[in-house]
Amino acid sequence: MKRYECMSILGPKLTDDILVITGTGNTAYQLAEYRRPQITPHSAQLGACSAIALGLALALPHRKVVSLDGDGNLLLNLAVLGDIANKAPGNLGIVVFDNESYESAGKLPTATAGKVDLAAVGRACGIANTCTARNLEEFGEAVERLLKGSELAMVVAKVDTEPEYKRTKELPSVPETTFTFARHIEQLEGRPLFSAYYSTRK
């Protein structure tokens with residue numbers, strides 16, 4: 001299955017009240033077809049996507065947080081799965097698009113092209129509600145459970161590389177998205193949350 005096919009299922013379900021973090025690359029561009037990119041940080045550095053999502057989930061335990069991670073991204077910080085499992089925030093969901101490739105870096109294979117199974121790693125770290133989706137029906141059912149459930153969950157979506165995917169949306173700059181995302185959270189919460197920022201503006 002293709003990631004953009006998965007996104008056509010997932011994207012419309014990610015309403016504005018859900019906090020979403022993505023890494024760099026096609027995931028962010030494909031999500032922008034369904035969700036305003038101004039409210040989705042889209043340039044989490046390799047290894048940081050699910051770590052940032054964990055921080056948000058712990059800071060805002062009443063709000064759903066979703067990490068849209070990738071195999072190459074997550075493999076550079078597998079320790080975060082242990083941290084996530086130990087904290088076990090029930091409002092956090094992780095979707096890993098695993099194409100077994102560093103596609104933007106010349107399609108070099110990741111470890112999942114070999115013997116590494118990220119779902120098995122997640123379960124071994126202590127994330128019990130973990131599954132692998134290999135077709136769109138499995139993916140749709142898995143993300144429905146992830147979004148509606150109140151338990152920490154992880155879905156590994158096995159997707160193909162997408163050399164033919166044509167980007168149709170432009171993303172705002174990283175600094176712009178940082179501030180618009182922060183303001184979006186404040187609007188959702190109905191109160192100022194970033195006192196350090198506001199103190200410098202006085």
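Is segment 55-75 home to any residue that is within 14 Å of Val155 (Cβ to Cβ), in a loop (DSSP other than H, G, I, E, B), more than 12 Å from the chain's Cα centre (by Cα) and not aromatic (Phe, Trp, Tyr)? No: zero hits.
Here is the figure for segment 25-41: residues that are in a loop (DSSP other than H, G, I, E, B) and among the aliphatic types (A, V, I, L, M) total 1. With respect to the stated conditions, Gly90 is touching an Asp or Glu at 6+ places or on another chain (Cβ under 6 Å) and either farther than 24 Å from Lys166 by Cα or surrounded by fewer than 19 Cβ atoms within 10 Å (Cβ to Cβ) (or both).
Please find, among Ile127, Ile84, the residue that is touching a strand residue (DSSP E or B) at 6+ places or on another chain (Cβ under 8 Å), under 22 Å from Ile18 (Cβ atoms), among the β-branched types (Val, Ile, Thr) and assigned to a helix (DSSP H, G or I). Reasoning before the result, please.
Details: Ile127 fails: assigned to a helix (DSSP H, G or I).
It is Ile84.
Pull up segment 10-43, narrow it to residues that are surrounded by fewer than 23 Cβ atoms within 10 Å (Cβ to Cβ), hydroxyl-bearing (Ser, Thr, Tyr) and touching a helix residue (DSSP H, G or I) at 6+ places or on another chain (Cβ under 6 Å), then point me to the one that is modelled with the highest pLDDT. That would be Tyr34.
Going by what's in this entry, would Val116 be described as more than 17 Å from Ser8 (Cα to Cα), in contact with a helix residue (DSSP H, G or I) (Cβ under 8 Å, 6 or more places away or on another chain) and modelled with pLDDT of 95 or more? The answer is yes for Val116.
I need a count of the residues in segment 1-24 that are under 12 Å from the mean Cα position of the chain (by Cα) and not in a helix (DSSP H, G or I). Before the answer, list the steps.
So in segment 1-24, the residues under 12 Å from the mean Cα position of the chain (by Cα) come out as 7, 10-11, 14, 18-24.
Keeping just the survivors that are not in a helix (DSSP H, G or I) gives 14, 18-24.
Count: 8.
For segment 111-124, a tally of residues being aliphatic (A, V, I, L, M), in contact with a Leu (Cβ under 8 Å, 6 or more places away or on another chain) and part of a helix (DSSP H, G or I) returns 3.
For segment 87-110, a residue qualifies if it is outside any loop (DSSP other than H, G, I, E, B) and either among the aromatic types (Phe, Trp, Tyr) or modelled with pLDDT of 95 or more (or both), and the qualifying residues are Lys87, Leu92, Gly93, Ile94, Val95, Val96, Phe97, Asp98, Tyr102.
Within segment 105-143, being over 22 Å from Leu75 (Cα atoms) and free of Cβ contacts under 8 Å to residues at least 60 places away in the same chain holds for Glu137, Glu138, Glu141.
Might you check whether a residue that is closer than 25 Å to Glu100 by Cβ, crowded, with 17+ Cβ neighbours inside 10 Å and at pLDDT 90 or above occurs anywhere in segment 172-181?
Scanning segment 172-181, I find no residue that is closer than 25 Å to Glu100 by Cβ, crowded, with 17+ Cβ neighbours inside 10 Å and at pLDDT 90 or above, so the answer is no.
Is it the case that Ser50 is in contact with an Asp or Glu (Cβ under 6 Å, 6 or more places away or on another chain) and either among the aliphatic types (A, V, I, L, M) or under 23 Å from Ser101 (Cβ atoms) (or both)? Full working, then the answer.
Details: in contact with an Asp or Glu (Cβ under 6 Å, 6 or more places away or on another chain): yes; either among the aliphatic types (A, V, I, L, M) or under 23 Å from Ser101 (Cβ atoms) (or both): yes.
Yes; evaluated as a whole, the condition is true for this residue.
The values are calculated or read from the model by the stated rules, or taken from the named source; none is laboratory data. From a predicted model like this one, the values you see are computed outputs, not experimental measurements. Note that each Cβ is placed from the backbone with ideal geometry, even for glycine, and that neighbours are counted across all protein chains shown.
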